[in-house]
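The structure under discussion appears below in the form of structure tokens.
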Amino acid sequence: MTNGNEWWRSAVIYQIYPRSFSDGIGDDGLGDLVGITERLPALVELGVDAIWLSPFYTSPQKDAGYDVADYCDVDPVFGTLADFVTLEKRAHELGLKLIVDLVPNHTSDQHRWFVEAMAADEGSPERGRYIFRDGKGKDGELPPNNWDSVFGGPAWTRVTRPDGTPGQWYLHLFDTSQPDLDWDSPWVREQFRDILRFWLDRGVDGFRVDVAHGLVKADGLPDYTPPASGGSMGGGTVGLEPEIEAHAADDPATPPYWAQERVHEIYRDWHNVLEEYDGERVLCAEAWVEPLSKLALWVRPDEMQQAFNFSYLETPWEGPAIRKVIDVSLEAFTSVGAPSTWVLSNHDVVRHASRLALTAENPQGHGIGPKSPGKPVRELGLRRARAATALMLALPGSAYLYQGEELGLPEVIDLPDEARQDPTWFRTHGERYGRDGCRVPIPWEADKPSYGFGPTGRSWLPQPADWAPYARDAQRGVAGSTLELYRLALALRAEQDLGMGGVEWLPGHGDDIVAFRNGGVIVIANTGEAAVELPAGEILLSSERLGDGILPGDTTVWLRA
Ligand code: NOJ
């Protein structure tokens, strides 16, 4: 039951990527739960309402923890279950809600379920937990269909029988080490109800659901050839503008592995599991689904509560496109009684302080590296990112922030090849750089080794030599710093209750200008290069220093209405 006033409708939620947040134990250059607990006060000071932890579960770490070998335990590299309990207690004491990640589309190939499936006979119940099929061709030497993995290469791997002869194939939409579960199996469904209850019993406030559009595959697993134009993180959708325009129509080309109608049964079931618990718990869909009218199906009143608005994330820094995506988003989500969940960065995409100044096409998941065309100019990227964040945080609904964006961190473009760890990099033989550039451990103290990330000075991905000015302590209390801009925006957002407000467009501005009123605040974002006249009024916030009566390009201001 919703009362229309739940915390998640307007919350600002901070994504912690555990391996890159803070190394508290100081053993291996990898962040951990102790490090997170120690640093929570910094997030309270920032002004967020909740945190989302990316996976910290037992895992061989082939996909940075999105390959789970035990859903109900903590990987030793991150600590122990007791460390989790301490973290959770501390977060709640500090008034922060806590969301954890749930990875239901696939397990690790080292999960007991898969190890047992591999040891069992073809056609056995153990095999039935996953998607094993006979191959095509004379001797089954060809994969069962033509699907590709999101990370590149085929989505099928053939197994070897105990006698050494080649056997069946199993499906993995991601890495070979991430076999897809068969969600037609009642046994699988039961396991996940138990996993939800395990974490709910420990008091978590909700789950971010990985690949929430992928669990159910079309009957018969038919061949599918995606349209030619690139792809996104598990979505296979690009070219935002035409797809937003296709708002009213149904998507004619839904791949047989994404956004199948029957996936919604699962979320209705999980909704009921959450209802068994007191308080306002939340499920947030990571579903790369367009158009937004279709994504809204994930947040119908009896399903999930939030779905990341990736259409917004993918919108270029251009006035007309931004106005349009805001309108379409509010219409789509309002029609099902859900908030829009805005987001600009996460651990899968080029950080928006770089992305917004890219001058060449860069499909999601491809990353940028030394040889990428159209590399961003850093100052322009940061300027646009600050303006884009100031705009996003003035919108009604919920918003997610990705660790380090409050410091203005850019994507790390020049990681040495040998440091890269994203499976995308390996599976495409270096053709796609992948996502390591947004995952570099974040800087806390300018003058310390590894910028205070951990006591050993080590970090699992090398940090750039010029990151001292981005460190939190270098920005704290410094007027105009990106950190202080975020703090001010979050404080005003809370004070003015913007998350529960609405958007009233203000007419009379040029194409580059996004201008609206939300309650007591007027927001004006100039997405163009040229300065424009700034309406009179009390300035509450500005993403850049302002000249008299002038709103420079790539700048957002908030005025008192
Ligand atoms: C989406 C996650 O955010 C990403 O990091 C991961 O690689 C894939 N899902 C597969 O789990």
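Put simply, the amide H of D148, placed in the peptide plane, has neighbours under 5 Å in A155, leaving out anything fewer than 5 places away on its chain. In summary, the helical segments of the chain meeting the span-like criteria, namely a full DSSP H run, a Cα extent along the axis of 15 angstrom or more and a mean Kyte-Doolittle hydropathy of at least -0.5, are 33-46, 81-93, 319-334, 378-392, 482-495. A 1.4 Å probe, protein heavy atoms only, puts the accessible area of I413 near 40 Å². Annotation: lysines with alpha-carbon distance below 29 angstrom to K294 (same-chain offsets under eight excluded): K97, K217, K324. Annotation for A468 and K448: the two label points, set 7 Å from Cα along the Cα-Cβ direction, are 1.6 nm apart. Taking Cα centre as origin and charging only the Cβ of basic (Lys, Arg, +1) and acidic (Asp, Glu, -1) residues, the dipole magnitude of region 112-171 rounds to 120 debye. Every pair of different Cα atoms in the chain enters the Kirkwood calculation, which places the hydrodynamic radius at 24.1 Å.
Taking Cα centre as origin and charging only the Cβ of basic (Lys, Arg, +1) and acidic (Asp, Glu, -1) residues, the dipole magnitude of the chain rounds to 640 debye.
Per-residue ellipticity at 222 nm, computed for the chain from helices alone with -39500 (n - 2.57) per DSSP H run of at least four residues, works out to -7000 deg cm²/dmol.
When region 406-538 is described by a simple charge dipole with +1 on each Lys and Arg Cβ and -1 on each Asp and Glu Cβ, the residue from A468, A531, A489 located farthest towards its positive end is A468. Partners of K375 within straight-line reach, counting aspartates and glutamates whose Cα lies under 13 Å from its Cα and excluding those fewer than 8 residues away in the same chain: E361, E411, D414.
Farthest towards the positive end of the charge dipole of the chain, among the residues G452, G477, F132, is the Cα of G477, using unit charges on the Cβ of Lys, Arg, Asp and Glu. Extension gain for the segment T225 to T86, taken as residue separation times 0.36 nm less the Cα-Cα distance, is 45.2 nm to one decimal. Antiparallel beta bridges, as assigned by DSSP with both residues in the chain, represent about 55 percent of the total such bridges. Candidates M392, A228, A285 compared by Cα position along the dipole of the chain: farthest toward the positive end lies M392, with charges placed on Cβ.
Treating only the Cβ atoms of Lys and Arg (+1) and Asp and Glu (-1) as charged, compute the dipole magnitude of region 503-560 about its Cα centre; round to the nearest 20 debye. Intermediate results must be reported in sequence, preceding the final value.
Details: 3 positive and 9 negative charges, 53 e Å.
Dipole magnitude for region 503-560 comes out near 260 debye.
If the chain linking I539 and A253 were pulled fully straight, counting 0.36 nm for each residue of separation and taking away their Cα-Cα distance, it would gain 98.3 nm.
The values are calculated or read from the model by the stated rules, or taken from the named source; none is laboratory data. All values reported here derive from a predicted model rather than from experimental measurement. Glycine also receives a Cβ, built like all others from the backbone with ideal geometry; neighbour counts cover every protein chain displayed. To get the accessible areas, we keep the full protein, side chains included, count just its heavy atoms, and leave off ligands, DNA and RNA. Shrake-Rupley method; radii C 1.70, N 1.55, O 1.52, S 1.80 Å.
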